[in-house]
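The values are calculated or read from the model by the stated rules, or taken from the named source; none is laboratory data. Being a predicted model, the structure only gives us computed values, none of them experimental. Because the Cβ atoms are built from the backbone with ideal geometry, glycine has one as well, and the counts that use them run over all protein chains shown. Accessible surface is based on the protein model in full, side chains and every heavy atom, while ligands, DNA and RNA are left aside. Shrake-Rupley method; radii C 1.70, N 1.55, O 1.52, S 1.80 Å.
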Amino acid sequence: MQKTAHAGDVKHFALIGAILIGYIALDRVTKLAFMEQSADRGLSLIPGVLETTHHQNFGVIANLPIPLILIIGLTFFALAVLIVLLKRSIETGTPIETMALSGIMAGALGNLWDRLQWGYVFDWILLFNRSVINLADIFIAEGLLLYILTRHLKHRSGR
């Protein structure tokens, strides 16, 4: 027997679509804008804390060198897991979880786009003169934190 869609499901799908389109578009626009900017003309918003730069990340977190094909395969696996978790969040009616998972997915898709187009991820936000990230990385981190928090709160409330 086929399950019919409920109004809540449609709202979840609209939320997922809006986050994916909005986040990926924002990530692409900022990456392309900062790629056009000369590397030696980086902005120093808060010197030593928040600056812009050019960085080509051929690895994963902290530039850990892993073959591109393996990174792409792992990304597709992560996206499959996210789809399963999104389906579950739609069924349980938790829009915050849906938002969190959509943010993670948007970030993963944004960085995957870079890898498929250029063979690396373009990072442009320099934090504390050490870590170079981009908006997709922020979306992933924000989504992970929000997802963990919502799961923790659900567990504590016994739902």
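What to note about this one:
This table checks each residue for (1) under 26 Å from TRP118 (Cβ atoms); (2) open to solvent by 50 Å² or more (accessible area, probe 1.4 Å); (3) of a type in the set (Asp, Glu); (4) modelled with pLDDT under 90.
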position	(1), (2), (3), (4)
ALA7	no, yes, no, yes
PHE13	no, yes, no, yes
GLY22	yes, no, no, no
ASP40	yes, yes, yes, yes
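- Boolean, GLY103 is free of Cβ contacts under 8 Å to residues at least 60 places away in the same chain, within 14 Å of LEU15 (Cβ to Cβ), surrounded by 14 or more Cβ atoms within 10 Å (Cβ to Cβ) and of a type outside the set (Val, Ile, Thr): no
- Residue count, region 45-59 (criterion: more than 12 Å from TRP124 (Cα to Cα) and either open to solvent by 40 Å² or more (accessible area, probe 1.4 Å) or touching a Pro at 6+ places or on another chain (Cβ under 7 Å) (or both)): 6
- Taking region 112-125 as the range and being closer than 12 Å to LEU68 by Cα and either of a type in the set (A, V, I, L, M) or buried (at least 20 other Cβ atoms within 10 Å of the Cβ) (or both) as the test, the residues that pass are LEU112, ASP114, LEU116, VAL121.
- Check on THR98, surrounded by 11 or more Cβ atoms within 10 Å (Cβ to Cβ), in a strand (DSSP E or B) and β-branched (Val, Ile, Thr): no
- Residue match in region 67-74 (condition: out of contact with any helix residue (DSSP H, G or I) (no Cβ under 9 Å at 6 or more places or on another chain), open to solvent by 40 Å² or more (accessible area, probe 1.4 Å) and part of a loop (DSSP other than H, G, I, E, B)): yes
- Residues of region 126-146 that are more than 11 Å from the chain's Cα centre (by Cα), closer than 16 Å to LEU85 by Cα and open to solvent by 50 Å² or more (accessible area, probe 1.4 Å): LEU145 alone.
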